[in-house]
1. Could you sort the peptides 131-139, 39-47, 24-32 by per-residue average Cβ neighbour count (10 Å cutoff), highest mean leading?
2. Just to be sure I understand the rule: take each whole DSSP H helix in the chain, project its Cα atoms onto its long axis, keep it if the span is 27 Å or more and its mean Kyte-Doolittle hydropathy is at least -1.0. Which ones pass?
3. What's the magnitude of the charge dipole for the chain around its Cα centre, counting Lys and Arg as +1 and Asp and Glu as -1 at the beta-carbon? Answer in Debye, nearest 20.
4. Restricting things to alpha carbons, tell me how big the chain is in terms of Rg and Dmax, in Å.
5. Name the long-range amide H neighbours of ASP146: under 5 Å, sequence gap of 5 or more, or other chain; modelled H, no Pro or chain starts.
6. Contour minus end-to-end for ARG84 and MET113, with contour as 0.36 nm per residue of separation and end-to-end as the Cα-Cα distance?
7. How high is the relative contact order of the chain, in percent, with contacts defined as C-alpha pairs under 8 Å that are six or more residues apart?
8. Which is the longest run of the chain containing none of the trypsin sites (Lys or Arg not before Pro) found in DSSP loop states (not H, G, I, E, B) with at most 14 other C-beta atoms within 10 Å?
Amino acid sequence: MNRPFGYVQTSIGHKVIVALSGLLLAAFVVFHMLGNLQVFQGAAALNGYAAVLRDMPLLLWTARLGLLGLVGMHLVIGVRLAQRNRRARPEGYAARTYRRASFASRTMAASGMLLILFIIFHILHLTVGVVDHTFVEGVDGRGQRDVFGKVVHAFQNPLYVTIYLAAQAVLGLHLSHALSSSFQTLGLEHPLLDRLFRGTGPVVAGFVVVGNIVIILAIASGVVRA
């Protein structure tokens, strides 16, 4: 077995893969939220942003496939790591560790699976458009696909508002612990910076969740309308 492949198969290698893939996914979540904030600038801004992405199909599909690969890698390696850790720990030690762990830490597997389900729903809902058939996507005054209208229509429905708000709670819980623990896994620890690293997760998670919630509630309350 060659050395790099052998390292990847170890518990440490698994942790590094989960940490790196998690950081890349977190970066995407941040930029995705920032892009969606253009909803406050109106239809022209959001539809134009979406049109720019569609006008670069090679880049768009490379990014989509890359994200899909990252999610799959993060999920599969994460589950394998959790199973390996569970087998390696004595029952008494595992019970003591569970009691000391934070709620976010204890629920990482559950929150991760819920996020996977939400991602699938989100893609089917707003990307593929097979969930809600009450909206017929047209074009705006500039001949661009009316992404703005689709988003506004979606969050005028209390059911979708509830689903997306619940997903933000799960995202915040998962992201806050994941980011902080990723820095530790990658060895980015220093007595002077430890508090900064531990605080990064909650701060970034809060930033993303608040941004997404503001978008949802602004549309649901009629502040942003088509």
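1. Top of the packing list down: 39-47, 24-32, 131-139.
2. On the way: long enough: 11-36 (37 Å, 1.58); 57-88 (46 Å, 0.66); 158-185 (40 Å, 0.83); 194-220 (40 Å, 1.55).
Result, helices passing both filters: 11-36, 57-88, 158-185, 194-220.
3. With Lys and Arg at +1 and Asp and Glu at -1, about 980 debye.
4. Values for the chain (Cα only, Rg and Dmax): 20.0, 66 Å.
5. Excluding prolines and chain starts, which carry no amide H, the hits are GLY138, VAL139, ASP140.
6. On the way: separation 29, 0.36 × 29 = 10.44 nm, distance 1.80 nm.
Gain on stretching ARG84 to MET113: 8.6 nm.
7. Details: 190 pairs, mean separation 65.4, N = 226.
The value is 29 percent.
8. 1-141
Every read-out reported here was derived from the displayed coordinates using simple, explicitly stated rules and does not represent laboratory data. The structure displayed is predicted, hence computed values, not measured ones. Using ideal geometry, Cβ is built from the backbone for each residue, glycine included, and neighbour counts are taken over all protein chains shown.
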